[in-house]
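S.K.: Pasting a structure below so you can have a look.
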Amino acid sequence: MVITHNLGFPRIGAKRELKFALESYWNGLSSRDELKAKGAELRQRHWQEQSGLGFVPVGDFSIYDQVLDMSFMLGNLPERAQDFQGDVLDNYFRVARGRSAPAAMELAAGIAAGEMTKWFDTNYHYIVPEFTSATQFKLDASRLLAQLAEARKQGAKVKPVIVGPVTYLAIGKSKDDTDRLLLLPQLLTVYAELLETLAVQGVEWVQIDEPILVTELDAEWQHAFNIAYHQLKSCRVKLLLATYFGQLLENTYLTVNLPVAGLHVDAINGRDDIQPLLNLLPSHKVLSLGVINGRNIWKTDLNLMLDWLEPLAERLGNRLWIAPSCSLLHVPVDLDCEKKLDGEIKSWLAFAKQKLDELTLLATALNQGRDAVKAELAANRAAIESRSNSPRVNNPAVKAALARINTTLCQRQSPYAQRSAKQAALLKLPKFPTTTIGSFPQTAEIRLARRQFKAGEINEAAYQSAMQAEIAHSVREQEALGLDVFVHGEAERNDMVEYFGEQLDGYAFSEFGWVQSYGSRCVKPPILFGDVSRPKAMTVEWTKYAQSLTNKPMKGMLTGPVTILNWSFVRDDQPRSVSSFQLSLAIRWEVLDLEKAGVRVIQIDEAALREGLPLRKSQWQHYLDWAVESFRITANGVQDETQIHTHMCYSEFNDIIASIADMDADVITIETSRSDMELLDVFDDFKYPNEIGPGVYDIHSPNIPAQEHIVQLMKKAAERIPADRLWVNPDCGLKTRRWNEVIPALKNMVAAAVTLRATVD
């Protein structure tokens, strides 16, 4: 019999219950016990929703981040978070976001939050483990054991989920140049203790995630896998080693021969691995195939999948397990919540719960024959054919425009040196010019007006008036602060991608399609189902209104094509590059309309540029070629005098800096505050040709940056980049912060810029 299981389930709740519980606690409006109770309620519901599976995951639920959970389980806390005397959960939040609830701060002040970066090539952010030569590990399995007991009380057949030891070291960062692999022996001692603890609890299988196996590993890291799993093979639990997000390729032989009881591989992204793997797989090992896409929301073609699976099931028998390709953390919870979504498009989709239904259908067909689910397979076939044949998906005019793309669209009129002189003459900015990244706080009043407008409780004129009032408030605050280049604050925007998707043809939108980005931050990716075009201007009137309120330069704020692509649920019936070029043409028209309206500074955010990178460096250049070309098509139709900015955040950029330079933006702003300007190390060797704004304070923490700290950070930057090409700005947008946090932080930032100007000629 084929066994079904799941690698992980979304934890935020179908209606974002976890988000609201977290923020209520952080704001001092609810108790720690109430927050913990909400977590328990969600876990109970999610196990119930997975009850039809052969195994359900335990430990995949996190109150903030599963990697941070692993750090606390292993006792690997940054030195600044050690010796905290309060509740463990509050110390956990100090590492996650710099501080916990107001009451907890009576015990200890805020600290520097842990560095945050993307989980492989997803839009999920994890808290980076920190290592030093003094790092010691000490097991605290209380959280996992408590969840294990909860699940068993509910009657679930459980499979604990943990991050594997080699991946844990690989995704962390050494803070003092310590070789991370030197920590492996003592780390394995704690892993062995953890697995023995689970064995004592009667656990049969443990899922141990090692996604680093789908990346290029040098000999030392490959050897680390052999060391690790040969040391752990004596543990009294069966290990299901899980890989996902890509292909094993040259790591196939290594992976298949590790001494584990089972192996999970991604059969969506790594289908070509399966046949070579089968030829190597020992006869006693379980093979779990990830046959449902855990990263996207399109229905699986179940009939086609069965055509592929049936011979494998016959060959492997009860050694075949099936599952989603990866954790369902990356998709929304329940399509049945969608009452307003277009019916035809809805019929093409599957969210987390529906993906598990698909999994169960596949297992039933494999175990009992296709006739047992004949009606369901027929319905699935009809949905697949409906999408394939729909005239709403294909637009001949868009395809014709794509065919007309040529190299002239990608080129600015003049080189940067000539452009920058013209821009300086026009904008007349001081040294170390100050600006923000785009958004200002999304207040309760803004959200209320948006809800009322969507519900039909206020008309468009009333909504526009409310948004204009918020824009005016943002302009007044920037005038009072003394910023040099203003933004309109983006009051009218629900999300930096969804806002644009709502105004582009080829997109659809869910009501409850929320996905966790980090902590309590959730995004609702738009659904890119067809060819993309721009029916009308999207931002021009709002920007013109803001510019009418001030003599300072007002930035036009746009999201770039690659970020819109990477932060959408993208159609899977054509190459991603084609969709990206369609988006680049649509946003190009918006750039040109802003310029015609007199906007001379235009920021085109490409925050997600890096996360689209293939996980193997050997495949990077192809992606970077079309991603950079997409940006250049979007940005490079303007006059020399128009200054183009771009923004990137929460990723490592050092190894793609040449491609970033090829984008030829006049100004780039990047995140550097959490890494203490480490990201600027690349400029020791690479002479970045244009202007740069290294983010000088962490907007994802409520901590207020000190003026002196900002000055120190900028002086570090000036050691690598000429002062006359440096900007001073936060590291990301400010929509998630409150005005009472934003104002003092920006005051200190502006004061720091004034201090810096006194240090240069």
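S.K.: Quick check: is even one residue across region 460-475 assigned to a helix (DSSP H, G or I), open to solvent by 20 Å² or more (accessible area, probe 1.4 Å), more than 24 Å from G560 (Cα to Cα) and in contact with a strand residue (DSSP E or B) (Cβ under 9 Å, 6 or more places away or on another chain)?
M.R.: Yes; the residues of region 460-475 include at least one that is assigned to a helix (DSSP H, G or I), open to solvent by 20 Å² or more (accessible area, probe 1.4 Å), more than 24 Å from G560 (Cα to Cα) and in contact with a strand residue (DSSP E or B) (Cβ under 9 Å, 6 or more places away or on another chain).
S.K.: Okay, next question. Restricting to region 164-177, name every residue that is under 22 Å from H330 (Cβ atoms) and either open to solvent by 10 Å² or more (accessible area, probe 1.4 Å) or small (G, A, S) (or both).
M.R.: Once the filter is applied, which keeps residues that are under 22 Å from H330 (Cβ atoms) and either open to solvent by 10 Å² or more (accessible area, probe 1.4 Å) or small (G, A, S) (or both), region 164-177 yields G164, A170, I171, G172.
S.K.: Looking only at region 264-287, which residues are at pLDDT 95 or above and under 26 Å from the mean Cα position of the chain (by Cα)?
M.R.: Hits for region 264-287 are H264, V265, D266, A267, I268.
S.K.: Across region 151-163, which residue is nearest to H5 (Cα to Cα) among those that are open to solvent by 10 Å² or more (accessible area, probe 1.4 Å) and in a helix (DSSP H, G or I)?
M.R.: R152
S.K.: Being in contact with an Asp or Glu (Cβ under 8 Å, 6 or more places away or on another chain), open to solvent by 50 Å² or more (accessible area, probe 1.4 Å) and either free of Cβ contacts under 8 Å to residues at least 60 places away in the same chain or in a loop (DSSP other than H, G, I, E, B) (or both) narrows it down to one residue among K38, K15; which is it?
M.R.: Just a single option satisfies the conditions, and that option is K38.
S.K.: Oh, and also: Select, from G598, G637, G693, the only residue that is among the small types (G, A, S), closer than 23 Å to A723 by Cα and either surrounded by fewer than 24 Cβ atoms within 10 Å (Cβ to Cβ) or touching a residue at least 40 places away in the same chain (Cβ under 8 Å) (or both).
M.R.: G693
S.K.: For residues in region 282-313 being out of contact with any helix residue (DSSP H, G or I) (no Cβ under 9 Å at 6 or more places or on another chain) and open to solvent by 10 Å² or more (accessible area, probe 1.4 Å), which is nearest to Y518 (Cα to Cα)?
M.R.: D307
S.K.: Is it fair to say H709 is under 30 Å from R521 (Cα atoms), open to solvent by 10 Å² or more (accessible area, probe 1.4 Å) and touching a strand residue (DSSP E or B) at 6+ places or on another chain (Cβ under 9 Å)?
M.R.: no
S.K.: How do the pairs read when you match residues in region 219-245 that are open to solvent by less than 80 Å² (accessible area, probe 1.4 Å) with residues anywhere that are modelled with pLDDT under 95, using Cβ under 6 Å and keeping only pairs 6 or more apart or on different chains?
M.R.: Pairs found: F245/F120.
S.K.: Go through region 489-516 and count every residue that is surrounded by fewer than 17 Cβ atoms within 10 Å (Cβ to Cβ) and modelled with pLDDT of 95 or more.
M.R.: Looking only at that region, the number is 1.
S.K.: If the Cβ limit is 6 Å and pairs must be 6+ apart or interchain, which residue in region 111-126 that is closer than 18 Å to V214 by Cα pairs with which residue that is modelled with pLDDT under 90 and not in a strand (DSSP E or B)?
M.R.: Pairs that qualify, where the first residue is closer than 18 Å to V214 by Cα and the partner is modelled with pLDDT under 90 and not in a strand (DSSP E or B), are K118/E611; K118/S651; D121/E611.
S.K.: Now a separate question. Restricted to region 18-35, and to residues that are among the charged types (D, E, K, R) and over 25 Å from the mean Cα position of the chain (by Cα), which residue is surrounded by the fewest Cβ atoms within 10 Å (Cβ to Cβ)?
M.R.: Filtering first and then ranking leaves D33.
S.K.: Taking only pairs six or more apart or across chains, which ones have beta-carbon atoms under 6 Å, a first residue in region 715-737 that is farther than 11 Å from P433 by Cα, and a second residue that is at pLDDT below 90 and not in a loop (DSSP other than H, G, I, E, B)?
M.R.: A717/L680; A717/P694; R720/L680; R720/F683; I721/F683; P730/G695; D731/G695
S.K.: Can I ask one more? Out of the residues in region 67-91 that are in contact with a Pro (Cβ under 9 Å, 6 or more places away or on another chain) and outside any loop (DSSP other than H, G, I, E, B), state the one that is nearest to L194 (Cα to Cα).
M.R.: So the residue we want is M70.
S.K.: I'd like to verify a number: residues in region 197-218 that are open to solvent by less than 50 Å² (accessible area, probe 1.4 Å) and either in a loop (DSSP other than H, G, I, E, B) or within 12 Å of L254 (Cα to Cα) (or both), how many?
M.R.: Selection size over region 197-218: 6.
S.K.: Among helices (runs of 4 or more DSSP H) lying entirely in region 263-361, which contain 2 or more residues that are of a type outside the set (K, R) and within 22 Å of D573 (Cα to Cα)?
M.R.: 302-316, 343-346
S.K.: Can you find a residue in region 128-135 that is β-branched (V, I, T), part of a loop (DSSP other than H, G, I, E, B) and open to solvent by 30 Å² or more (accessible area, probe 1.4 Å)?
M.R.: Yes, region 128-135 has at least one match.
The values are calculated or read from the model by the stated rules, or taken from the named source; none is laboratory data. Source: prediction; values computed, not measured. Here Cβ is always computed from backbone atoms with ideal geometry, including for glycine, and neighbour counts include all displayed protein chains. Heads up: the accessible areas ignore ligands, DNA and RNA and are worked out on the full protein's heavy atoms, side chains in. Shrake-Rupley method; radii C 1.70, N 1.55, O 1.52, S 1.80 Å.
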